[in-house]
Amino acid sequence: MQLAERPTTREALAAALAAAGEAGSPVRFAGAGTKAGWAAPVAAHALELSTLGLDRIVEHNAGDLTAVLEAGVPLARAQETFARAGQMLALDPPAGDATIGGIVASGDSGPLRARYGGPRDLVVGMRVALSDGTIAKSGGKVIKNVAGYDLAKLFTGAFGTLGAILEVAVRLHPLAPETATAAGSSSDADRLGRAAIALARSPLEHHGLDLRWARGGGTLLARFAGVTPRAQAEAAERLLRAEGLDTELIEADDALWEEQREGQRGPLVLKVSALPSRFPALARALDAVGGRALGRAALGLYWIRLEQPSAETVGRLRRELAPSPCVVLDRPAGLELDPWGPADPGALALMRRVKRAFDPAGVCNPRAYVGGL
Amino acid sequence: MSLTERFRGIVGAEHVITHEQQLATYESDGLLQYAVTPGVVVLPGSAGEVAAVVRACHEAGTPWVARGAGSGLSGGALPVADGVLIALTRMRRILAVELDDGRVLVEPGVTNIAVSQAVAPAHFFPPDPSSQIVCTIGGNVAENSGGAHCFKYGFTTNYVTGLELVLPDGSEVTLGGRELDRPGLDLVGAFVGSEGTLGIATRIWLRVVPKPESVRTLVAFFGSTVEAGEVVSEIVAGGIVPGAIEMMDNLSIRAAEGATGAGYPPDAGAALVVELDGSEAECATRFDQVVAICERAGADSVRVARDEAERELIWRARKAAFAAMGRIAPNYYVQDSVIPRTRLAEVLGRIEELAAEHELRVANVFHAGDGNLHPLVCYDGRVPGEPERAEELAGKIVKVCVDAGGSITGEHGVGVDKKRYMPAMFDEPDLAAFQRLRCAFDPEQRANPGKVMPTPRLCGEVPGPYRRHPLEEAGVAERF
């Protein structure tokens with residue numbers, strides 16, 4: 001039988017976690033469940049500890065461009081609140097009902113990362129629960145603060161392996177008044193890669209710089225935001241044309257970028273931590289296996305989507321894309337593979353020490369993370 | 001063989017300092033109120049030498065402190081008496097510049113400015129502490145350094161993608177790398193800002209970014225800091241994110257003007273430096289908006305820099321503010337508190353009251369965008385009782401900032417100087433959680449001991465049956 005609890009206060013969540021810690025029984029943390037298939041599976045008999053009962057927007061300090069959110073707040077609801085003040089949390093992963101806690105715990109991000117950074121860069125404080133019942137905070141709610149260790153970074157992207165995220169303090173940004181996108185296409189991956197680097201190296205201050213590639217062709221998208229986005233997009237378009245791409249300028253660009261976000265999900269999705277200069281090699285490897293990819297051209301982060309998932313294809317891509325790490329996100333139930341791939345043994349040994357220090361009972365999402373952490 | 005002998009074997013006798021007068025050079029960092037003479041100073045020249053030196057300390061059970069340029073302002077590089085000081089200033093090679101990927105690989109002794117110079121003219125390294133000409137990247141990583149431009153560009157932690165470390169047991173480990181989001185715990189994020197208590201970074205992968213196309217700078221003068229503060233709020237509320245937005249109060253203006261002759265009116269209640277950068281068109285439009293906001297708010301005057309020389313002149317006064325305090329008082333105590341920006345008027349009012357109560361003067365210089373105040377508590381160390389009164393006042397100012405929802409330090413670090421204020425911001429379970437990280441990296445706590453945490457703590461088994469440690473029984477340490 002599967003057990004589940006949905007505490008409505010952070011103390012109750014910490015107490016449930018402490019009880020599991022004392023009993024030595026595994027716990028699986030859950031938000032809206034939009035990424036439930038990511039990471040390695042936690043034992044079926046694990047207690048599911050839901051954060052959905054912690055759903056308060058604790059503070060929105062519009063004048064200070066900060067907010068404090070409980071972990072179970074859906075990102076979409078928080079964004080509605082911030083938008084009323086002309087603000088946003090600059091996180092735009094394909095979200096659906098996803099909660100802020102789940103997005104931070106998984107380190108997920110979307111096209112806005114190119115300009116604003118990812119969850120690690122936007123979370124300025126955090127409150128967590130540990131498996132001995134401790135509730136601890138780090139950071140604060142001001143955007144500049146170096147007091148104490150930055151435990152929020154440690155818990156961001158840790159997939160609940162150290163403890164439960166109860167609450168995050170985040171930095172907000174003004175909503176862009178207007179946007180415009182310059183697009184450039186080519187069937188030549190080298191040319192596309194060169195154009196991406198040229199744009200990334202140019203002083204044009206993009207709001208998003210994405211690439212997409214499928215079946216021997218691709219497009220570079222450079223989005224600009226502010227009070228003069230068209231002038232900037234025109235400059236980018238000239239640059240892309242000079243690099244030999246077929247270009248166009250798109251002012252009603254919301255749908256285009258929505259596609260870039262949604263393309264980060266699929267039957268099997270492999271997230272590649274590459275570099276801008278490795279894009280042509282990635283495109284060639286993709287064409288050989290029949291996949292499609294999109295991602296952040298200036299950051300080197302790509303999401304490969306395979307329509308016909310197989311462990312062999314994942315293995316082949318990992319070999320061909322090395323040394324860029326490839327992490328499997330979405331995948332069909334029953335497909336046996338290590339979602340994380342190999343990790344540096346020295347770093348892994350240190351991660352194990354950190355895991356033991358924060359979760360000595362070893363009950364938080366056991367074996368879900370890198371190296372069976 | 002003595003530890004010093006071992007060091008001579010590792011780095012060569014010429015890079016081991018034991019002479020008393022030479023040791024004195026290293027007894028303080030940028031915060032001169034604290035001085036401790038180290039037992040020995042070692043200057044390794046490579047990652048391998050750092051590892052061997054740290055391993056020797058580990059085997060001997062000797063505590064050590066790492067130091068870069070020694071420009072820190074929190075006593076973070078204050079030596080331990082009879083301990084080892086590991087100075088990293090010989091390790092100043094830039095090992096790779098990969099501009100297509102926006103990456104640079106450097107050794108810890110490379111100065112902050114040298115990174116920007118290595119990627120000029122089209123790129124730069126955004127964190128820009130005022131000490132950037134001398135301060136080192138190793139120190140920036142330890143302190144998570146900021147600077148005037150971090151409201152828009154962020155801090156050191158946002159620009160470090162990988163680290164090669166020597167851990168306190170002398171072992172070497174690579175965390176992260178060139179790429180973002182390498183799978184696994186973000187130990188790079190945990191290490192940056194750990195103030196030298198988790199190990200020594202021997203190689204650092206940094207992200208650099210293109211220089212903006214256009215930079216526009218102005219300084220506007222107002223009757224009071226309250227008026228200038230309202231302008232800052234209006235700029236931010238207008239959706240404008242300036243590259244830098246800095247404020248000085250009357251006392252700082254007078255000191256800086258006396259030192260630089262930059263043309264700041266000495267009777268102005270507040271000076272507001274606003275710098276926008278970005279694309280030409282965007283910058284021009286936004287800049288006009290900022291000028292209009294300043295004028296509408298009743299600025300006494302608005303001076304727009306017409307060229308690079310005028311821009312430098314505007315910045316000269318701001319950057320000279322700390323050093324110029326000597327004109328106001330023989331000694332000053334720099335603080336680094338942060339407040340939510342909207343509480344500025346209230347907090348400044350409170351600081352003024354407290355200063356009057358303590359019969360001391362406080363000059364205020366701050367990064368207004370992110371609410372990072374640098375109150376300078378002026379005093380005369382020769383007057384009996386004044387240093388104590390200044391310290392008491394400083395402590396009260398910190399408390400006011402924390403109570404307003406802020407932080408005890410925005411960019412200088414906790415070090416030895418602010419550790420006593422940590423309990424104002426963090427409760428016991430929070431401090432205990434910090435200690436868990438410390439113990440995972442450094443169970444014997446030999447790396448920069450006595451910094452950051454307010455009281456000595458042990459690394460015990462967690463959890464497990466409670467046993468009193470001999471140090472606890474003796475009352476010199478407490479368990480977390």
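Listed values, structure above:
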quantity	calculated
Which numbered condition A:ASP108 fails, given (1) within 22 Å of A:ALA222 (Cα to Cα); (2) assigned to a strand (DSSP E or B)	(2)
Which numbered condition A:GLU59 fails, given (1) more than 29 Å from A:HIS173 (Cα to Cα); (2) in a strand (DSSP E or B)	(1)
Positions within segment B:139-186 being within 12 Å of the chain's Cα centre (by Cα) and more than 9 Å from chain A (Cβ to nearest Cβ), in sequence order	B:GLY139, B:ASN140, B:VAL141, B:ALA142, B:GLY147, B:ALA148, B:THR156
Condition met for B:VAL383 (out of contact with any Leu (no Cβ under 9 Å at 6 or more places or on another chain), within 28 Å of B:ASP249 (Cβ to Cβ), away from chain A (no Cβ under 11 Å) and among the β-branched types (Val, Ile, Thr))	yes
Residue within segment B:390-408 that is in a loop (DSSP other than H, G, I, E, B) and either aromatic (Phe, Trp, Tyr) or surrounded by 24 or more Cβ atoms within 10 Å (Cβ to Cβ) (or both) present	yes
Any hit, segment A:4-11, residues being in contact with a strand residue (DSSP E or B) (Cβ under 6 Å, 6 or more places away or on another chain), part of a helix (DSSP H, G or I) and surrounded by 20 or more Cβ atoms within 10 Å (Cβ to Cβ)	yes
Answer residue from segment B:415-447, given it is within 22 Å of B:ASP186 (Cα to Cα) and in a loop (DSSP other than H, G, I, E, B) and is farthest from the chain's Cα centre (by Cα) among those	B:PRO443
Residue in segment B:311-323 that is farthest from B:CYS378 (Cα to Cα), counting only those that are in contact (Cβ under 8 Å) with a residue 12 or more places away in the chain and surrounded by fewer than 22 Cβ atoms within 10 Å (Cβ to Cβ)	B:ARG311
Residue under evaluation B:ALA237, criteria (1) in contact with a helix residue (DSSP H, G or I) (Cβ under 9 Å, 6 or more places away or on another chain); (2) in contact (Cβ under 8 Å) with a residue 24 or more places away in the chain, criterion not met	(2)
Residue check, B:ALA292 more than 30 Å from B:GLU392 (Cβ to Cβ), surrounded by fewer than 23 Cβ atoms within 10 Å (Cβ to Cβ) and either more than 14 Å from every other protein chain (Cβ to nearest Cβ) or within 30 Å of the chain's Cα centre (by Cα) (or both)	no
Unique match (being facing chain B (nearest Cβ under 10 Å), touching a strand residue (DSSP E or B) at 6+ places or on another chain (Cβ under 7 Å), more than 30 Å from A:PRO366 (Cα to Cα) and not charged (D, E, K, R)) among A:ALA180, A:ALA200	A:ALA200
Residue check, B:ALA237 modelled with pLDDT under 95, within 24 Å of B:HIS374 (Cα to Cα), surrounded by 16 or more Cβ atoms within 10 Å (Cβ to Cβ) and of a type outside the set (Lys, Arg)	yes
Test: residue in segment A:74-91 that is surrounded by fewer than 22 Cβ atoms within 10 Å (Cβ to Cβ), on the phi > 0 side of the Ramachandran plot and either modelled with pLDDT of 95 or more or in a loop (DSSP other than H, G, I, E, B) (or both)	yes
Single match in B:GLY139, B:GLY146 (criterion: in contact (Cβ under 8 Å) with a residue 24 or more places away in the chain and either part of a loop (DSSP other than H, G, I, E, B) or touching a helix residue (DSSP H, G or I) at 6+ places or on another chain (Cβ under 8 Å) (or both))	B:GLY146
So A:LEU317, is it hydrophobic (A, V, I, L, M, F, W, C) and under 26 Å from A:GLN260 (Cα atoms)	yes
B:VAL452 at pLDDT 95 or above, of a type in the set (Val, Ile, Thr) and buried (at least 24 other Cβ atoms within 10 Å of the Cβ)	yes
Selection within segment B:187-221 - closer than 30 Å to B:LEU276 by Cβ, crowded, with 23+ Cβ neighbours inside 10 Å and at the interface with another protein chain (Cβ under 9 Å from one of its Cβ atoms)	B:GLY189, B:VAL192, B:GLY193
Test: residue in segment A:208-229 that is farther than 19 Å from A:TRP303 by Cα, over 24 Å from the mean Cα position of the chain (by Cα), among the basic types (Lys, Arg) and away from chain B (no Cβ under 14 Å)	no
Residue list for segment A:94-110, filter: surrounded by 24 or more Cβ atoms within 10 Å (Cβ to Cβ) and farther than 17 Å from A:LEU172 by Cβ	A:THR99, A:GLY101, A:GLY102, A:ALA105, A:ASP108
Residue count, segment B:337-370 (criterion: small (Gly, Ala, Ser) and at pLDDT below 95)	4
Any hit, segment B:408-420, residues being over 24 Å from B:CYS135 (Cα atoms), in contact with a Gly (Cβ under 9 Å, 6 or more places away or on another chain) and facing chain A (nearest Cβ under 9 Å)	no
Any hit, segment A:157-176, residues being closer than 24 Å to A:PRO276 by Cβ and of a type in the set (Ser, Thr, Tyr)	no
Residues that are buried (at least 24 other Cβ atoms within 10 Å of the Cβ) and within 12 Å of chain B (Cβ to nearest Cβ), drawn from segment A:277-300	A:PHE279, A:GLY295, A:ARG296, A:ALA297, A:ALA298, A:LEU299, A:GLY300
Number of positions in segment A:312-331 that are in contact with a strand residue (DSSP E or B) (Cβ under 9 Å, 6 or more places away or on another chain) and not hydrophobic (A, V, I, L, M, F, W, C)	6
Residue within segment B:116-123 that is in a strand (DSSP E or B) and not polar (S, T, N, Q) present	yes
Hits in segment A:243-261 - residues which are assigned to a strand (DSSP E or B) and small (Gly, Ala, Ser)	none
A:GLY193 vs. criteria modelled with pLDDT of 95 or more, touching a Lys or Arg at 6+ places or on another chain (Cβ under 9 Å), buried (at least 24 other Cβ atoms within 10 Å of the Cβ) and farther than 24 Å from A:GLY117 by Cα	no
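Conditions tested, residue by residue: (1) among the small types (Gly, Ala, Ser); (2) more than 21 Å from A:ASP108 (Cβ to Cβ); (3) without any contact (Cβ under 8 Å) to a residue 60 or more places away in the chain; (4) away from chain B (no Cβ under 14 Å).
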residue	(1), (2), (3), (4)
A:GLU307	no, yes, yes, yes
A:SER324	yes, no, yes, no
A:ALA343	yes, no, yes, no
A:ALA357	yes, yes, yes, no
A:ALA361	yes, yes, no, no
A:VAL370	no, no, yes, no
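The values are calculated or read from the model by the stated rules, or taken from the named source; none is laboratory data. Treat the numbers as computed from the prediction; the structure is a model and nothing was measured. Methodologically, a virtual Cβ is constructed for each residue, glycine included, from the backbone with ideal geometry; neighbour enumeration extends over all protein chains shown.
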